[in-house]
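Please read the structure below before turning to the comments.
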Amino acid sequence: MTVELAHPYSPEQHHGHRDVTGGWLRPAVFGAMDGLVSNFALIAGVVGAAGAGQGAVLAGCAGLIAGACSMAAGEYTSVKSQTELMRAEIAVERRELARNPQGERAELAALYRSRGLDAELAERVAERLSADPERALRVHVREELGVDPDDLPSPYVAAGSSFCAFAAGALVPLAPFLFGASGLVVALVLSVVALFGFGAAVAVMTARPWWRGGLRQLALGVGAATVTFGLGHLLGVAVA
């Protein structure tokens, strides 16, 4: 009986990659961290100034709603503007390909020569790619602009991810006060756990040490809340 072993570099063996261009990870991470840190800092400031109570609940709810809406609007506007700029540049490239196809082919050949292909092979590759105008456009856009014209980021995905992530993060320090908490202890514990856990989760997703990501996010969040609580306490004493 003969057993055939697959060659270690067989073309049938593939590995997959995660989606790194979908436009959801950055706003989701930024939204969750911003919601958690800013709302905890806001609530800490209110408690430091006036103590726990209805004011902390109102401040936390206002911070959640206003922050989530602001984050979503900001992400939509920024990603929409970026996408519109990309589309405008793609249109410029399309017009240039129609106006001067020989010059664009020569530009492509020069690019491949700069990457190590000999002149004859670079010219053949450029000629083959330029035979189809749409394929030529995609190649030029990827090489010159560094973007995939078929996979531009969605402003709706960015806005939705940011809104939901901010609201979820902001709810963590607010939840104890919704159930009648009389101090910052429970909110602090929940926020510390959430900060470390989310920082660790993001670190794992981006192939970094989980403990380092967790501690970094924890330090940033606790630092911001400490400053805000101190300022709130000083303001409360000054007003009193």
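Details
- Test result for Leu145, open to solvent by less than 70 Å² (accessible area, probe 1.4 Å), on the phi < 0 side of the Ramachandran plot and within 26 Å of the chain's Cα centre (by Cα): no
- Residue pairs meeting the criteria (Cβ under 9 Å; at least 6 apart or on separate chains; first closer than 15 Å to Val139 by Cα, in the stretch 99-126; second of a type in the set (S, T, N, Q) and open to solvent by 60 Å² or more (accessible area, probe 1.4 Å)): Ala122/Ser114
- Residue match in the stretch 223-236 (condition: within 18 Å of Leu25 (Cα to Cα) and under 22 Å from the mean Cα position of the chain (by Cα)): no
- Test: residue in the stretch 208-216 that is crowded, with 20+ Cβ neighbours inside 10 Å and outside any loop (DSSP other than H, G, I, E, B): yes
- Tabulated pairs, the stretch 133-146, first in a helix (DSSP H, G or I), second surrounded by 14 or more Cβ atoms within 10 Å (Cβ to Cβ) and β-branched (Val, Ile, Thr), C-beta under 6 angstrom, 6+ apart or interchain: Val141/Ile90
- Every residue from the stretch 102-120 that is open to solvent by 70 Å² or more (accessible area, probe 1.4 Å) and either assigned to a helix (DSSP H, G or I) or under 18 Å from Glu134 (Cβ atoms) (or both): Gln102, Glu107, Arg113, Ser114, Glu120
- Residue within the stretch 100-113 that is over 30 Å from Ala66 (Cβ atoms) and either among the β-branched types (Val, Ile, Thr) or under 23 Å from the mean Cα position of the chain (by Cα) (or both) present: no
- Checked against the criterion of being under 26 Å from the mean Cα position of the chain (by Cα), hydroxyl-bearing (Ser, Thr, Tyr), in a helix (DSSP H, G or I) and under 22 Å from Gly31 (Cα atoms), the stretch 184-192 has at least one qualifying residue.
- Among the residues of the stretch 65-87, those identified as out of contact with any helix residue (DSSP H, G or I) (no Cβ under 6 Å at 6 or more places or on another chain) and either closer than 16 Å to Phe30 by Cβ or open to solvent by less than 50 Å² (accessible area, probe 1.4 Å) (or both) are Cys69, Ser70, Ala73, Gly74, Thr77, Ser78, Gln82, Thr83, Met86.
- Members of the stretch 34-48 that are more than 21 Å from the chain's Cα centre (by Cα) and open to solvent by 30 Å² or more (accessible area, probe 1.4 Å): Leu42, Val46
- Matching residues, the stretch 180-206, being at pLDDT 85 or above and of a type in the set (Gly, Ala, Ser): Ala187, Ser191, Ala194, Gly197, Gly199, Ala200, Ala201, Ala203
- Flag for Pro173 being open to solvent by less than 30 Å² (accessible area, probe 1.4 Å), in contact with a Lys or Arg (Cβ under 7 Å, 6 or more places away or on another chain) and in contact (Cβ under 8 Å) with a residue 40 or more places away in the chain: no
The values are calculated or read from the model by the stated rules, or taken from the named source; none is laboratory data. All values derive from a computational prediction rather than experimental measurement. Here the Cβ is made from the backbone with ideal geometry for all residues, glycine too, and neighbour counts use every protein chain on show. What goes into the accessible areas is simple: the full protein's heavy atoms, side chains included, and nothing from ligands, DNA or RNA. Shrake-Rupley method; radii C 1.70, N 1.55, O 1.52, S 1.80 Å.
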